[in-house]
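Asks: Got a structure for you, written out below as structure tokens; questions coming shortly.
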Amino acid sequence: MIHGTVVGWQYRWLNSTTSKGVAFLHGLAPSIIHQGLKSSNVVLDEDRSAKICDFGLTKLTQRVLELDFLTRLNHGCEACVYVAPELFDADKDLTDRSDVWALGCVVVETLTGRLPCDGEADVLHVARRIVLRRQLPFSDWTGLPSGVQMLAEQAFSFDPTERIDAVHFLKGLNDCAPV
């Protein structure tokens, strides 16, 4: 995702079309859970609409995802800062709400230019911050409209059953920052 070259309404359009893409995937039957949503997996087409790419993890089972995630512990992991807290627990199920946590990270990142968890690449440090300390992926909300902050906080609920879904996230995003 490009920072610094997209301004004003373009940020709203970018975040709205990204959210629309996630809502579309989750609305399919059976629904598609991306599992690896992050800003670098969102590209712009010729109309500057966001397109979600890199569906490599979507075909993997939950168990394979866990094993793959664990193999990266010693190598650092750019994507770990977008990972919902339940994905750090092998006993928890992957749901569409895991993608919404990542979507919230992408939206806040594009609006503020800051990476989730301050860009920490060590999986153990991220897990400690998110799971043990129960800290949100962002602590500095500077530059984020209050409506978007409230929406992001709903995306960052530590209990996935209380987390907003992609359709309501999209609606909330459009309500607080119409495209």
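The values are calculated or read from the model by the stated rules, or taken from the named source; none is laboratory data. Bear in mind the structure is a predicted one, so any value in this text is a computation, not a measurement. Neighbour counts are summed over all protein chains in view; Cβ atoms, including those assigned to glycine, are modelled from backbone coordinates with ideal geometry.
Asks: Taking region 109-121 as the region of interest, how many residues are within 16 Å of C80 (Cα to Cα) and not in a loop (DSSP other than H, G, I, E, B)?
Replies: Initially, region 109-121 is screened for residues within 16 Å of C80 (Cα to Cα), giving 109, 114-121.
In the following step, the residues that additionally are not in a loop (DSSP other than H, G, I, E, B) were identified as 109, 116-119.
Summing the residues that are within 16 Å of C80 (Cα to Cα) and not in a loop (DSSP other than H, G, I, E, B) in region 109-121 gives 5.
Asks: Would you confirm whether any residue within region 67-86 is at pLDDT 65 or above, in contact with a His (Cβ under 9 Å, 6 or more places away or on another chain) and assigned to a loop (DSSP other than H, G, I, E, B)?
Replies: No, region 67-86 has no match at all.
Asks: Can you tell me which condition V123 does not meet? The list is (1) out of contact with any Cys (no Cβ under 6 Å at 6 or more places or on another chain); (2) within 26 Å of T161 (Cα to Cα); (3) modelled with pLDDT under 90, and all the others hold.
Replies: (1)
Asks: In this structure, does G104 turn out to be under 19 Å from K51 (Cα atoms) and among the small types (G, A, S)?
Replies: So G104 fits the description; yes.
Asks: Restricting to region 127-179, name every residue that is at pLDDT below 95 and at positive phi.
Replies: G143 - this is the single residue of region 127-179 that is at pLDDT below 95 and at positive phi.
Asks: Of these, G147, G143, which one is out of contact with any Phe, Trp or Tyr (no Cβ under 9 Å at 6 or more places or on another chain) and either surrounded by 20 or more Cβ atoms within 10 Å (Cβ to Cβ) or in a helix (DSSP H, G or I) (or both)? Full working, then the answer.
Replies: Working: G143 fails: either surrounded by 20 or more Cβ atoms within 10 Å (Cβ to Cβ) or in a helix (DSSP H, G or I) (or both).
Selected residue: G147, the only one of G147, G143 that is out of contact with any Phe, Trp or Tyr (no Cβ under 9 Å at 6 or more places or on another chain) and either surrounded by 20 or more Cβ atoms within 10 Å (Cβ to Cβ) or in a helix (DSSP H, G or I) (or both).
Asks: State which residue is surrounded by the most Cβ atoms within 10 Å (Cβ to Cβ) when the search covers only region 1-27 and only residues that are more than 16 Å from K51 (Cβ to Cβ) and at pLDDT below 85.
Replies: Per the stated criteria, the residue is R12.
Asks: Also, quick follow-up: Among the residues of region 90-112, how many are over 13 Å from D165 (Cβ atoms), of a type in the set (G, A, S) and modelled with pLDDT of 90 or more? Before the answer, list the steps.
Replies: Kept after step one, since they are over 13 Å from D165 (Cβ atoms), are these residues of region 90-112: 90-94, 102, 105-112.
Filter once more, keeping what is of a type in the set (G, A, S): 90, 102.
Now narrow it down to the ones that are modelled with pLDDT of 90 or more: 102.
Summing the residues that are over 13 Å from D165 (Cβ atoms), of a type in the set (G, A, S) and modelled with pLDDT of 90 or more in region 90-112 gives 1.
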